[in-house]
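Here the structure is laid out as structure tokens; the discussion comes afterwards.
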Amino acid sequence: MNSNATTRRPAGRAFRRIGSAAVVAAIAAAGLGLGAGTASAKSAISVGVRSHAVTVGRTVQVSASGNSDDFGGTPMQLCLDERVGSGDWQQYHCVDGSWMRLGVRAQHRGELQFRAQLLALVGPGHRVLDRTSDPVAVWVY
């Protein structure tokens with residue numbers, strides 16, 4: 001019985017050592033994998049409203065923000081678009097920068113939608129669309 005216990009003990013230690021070595025190797029490999037990843041662009045865009053329901057004639061408070069490093073140091077322009085119902089998107093306002101907050105008067109009943117677009121100013125009078133936010137809706141009653 002005693003010899004049997006002695007035989008198991010070294011095997012248990014060996015398995016623990018192998019298990020510990022495997023854990024250390026896995027952690028090291030994960031760390032190298034994370035550190036060796038390719039550089040990724042840090043870009044984001046969003047639009048929001050203070051209230052999702054207003055009466056006709058009231059002002060909707062809209063805020064938008066966006067940034068991108070996809071174009072390097074190229075200046076960016078943030079634009080807010082507006083759509084009434086299922087009509088076409090109309091550009092409402094643009095700023096040179098990464099955020100805006102403004103009031104938009106709700107003039108018609110129904111659904112009023114807003115979206116933000118981030119544009120790169122790549123040359124005189126030449127803008128390139130970088131990204132577009134998901135739309136946010138306001139019900140006007």
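Determine which member of the set L78, L102 is more than 16 Å from the chain's Cα centre (by Cα) and among the hydrophobic types (A, V, I, L, M, F, W, C). Explain how you work it out, then say what you get.
Details: L78 fails: more than 16 Å from the chain's Cα centre (by Cα).
It is L102.
Which residues, taken from region 57-78, are closer than 27 Å to K42 by Cα and either of a type in the set (G, A, S) or touching a His at 6+ places or on another chain (Cβ under 7 Å) (or both)?
Answer for region 57-78, where residues must be closer than 27 Å to K42 by Cα and either of a type in the set (G, A, S) or touching a His at 6+ places or on another chain (Cβ under 7 Å) (or both): S63, A64, S65, G66, S68, G72, G73.
Can you confirm whether V60 is exposed (fewer than 15 other Cβ atoms within 10 Å of the Cβ), assigned to a strand (DSSP E or B) and β-branched (V, I, T)? Don't jump to the end; show me each part of the working.
Working: exposed (fewer than 15 other Cβ atoms within 10 Å of the Cβ): no; assigned to a strand (DSSP E or B): yes; β-branched (V, I, T): yes.
So V60 fails the test.
With respect to the numbered conditions (1) modelled with pLDDT of 90 or more; (2) loosely packed, with under 10 Cβ neighbours inside 10 Å, which one is the sole condition not fulfilled by K42?
So the condition that K42 fails would be (1).
Please count how many residues of region 111-127 are part of a strand (DSSP E or B) and either outside the structural domain of R58 (by TED's automatic domain parsing) or exposed (fewer than 13 other Cβ atoms within 10 Å of the Cβ) (or both).
Going residue by residue through region 111-127, those that are part of a strand (DSSP E or B) are 111-123, 126-127.
Restricting the remaining residues to those that are either outside the structural domain of R58 (by TED's automatic domain parsing) or exposed (fewer than 13 other Cβ atoms within 10 Å of the Cβ) (or both) gives 122-123, 126.
Number satisfying all stated conditions: 3.
Can you find, within region 128-141, the residue that is nearest to G57 (Cα to Cα) among those that are surrounded by 15 or more Cβ atoms within 10 Å (Cβ to Cβ) and of a type in the set (V, I, T)?
Residue satisfying both the conditions and the ranking: V140.
Please pick out the residue among R105, R83 that is charged (D, E, K, R) and surrounded by 15 or more Cβ atoms within 10 Å (Cβ to Cβ). Explain how you work it out, then say what you get.
Details: R105 fails: surrounded by 15 or more Cβ atoms within 10 Å (Cβ to Cβ).
Criteria check complete, one pass: R83.
The values are calculated or read from the model by the stated rules, or taken from the named source; none is laboratory data. It should be emphasised that the depicted structure is a prediction, and the values quoted were computed from it without experimental measurement. Cβ atoms come from the backbone with ideal geometry, glycine included; neighbour counts cover every protein chain shown.
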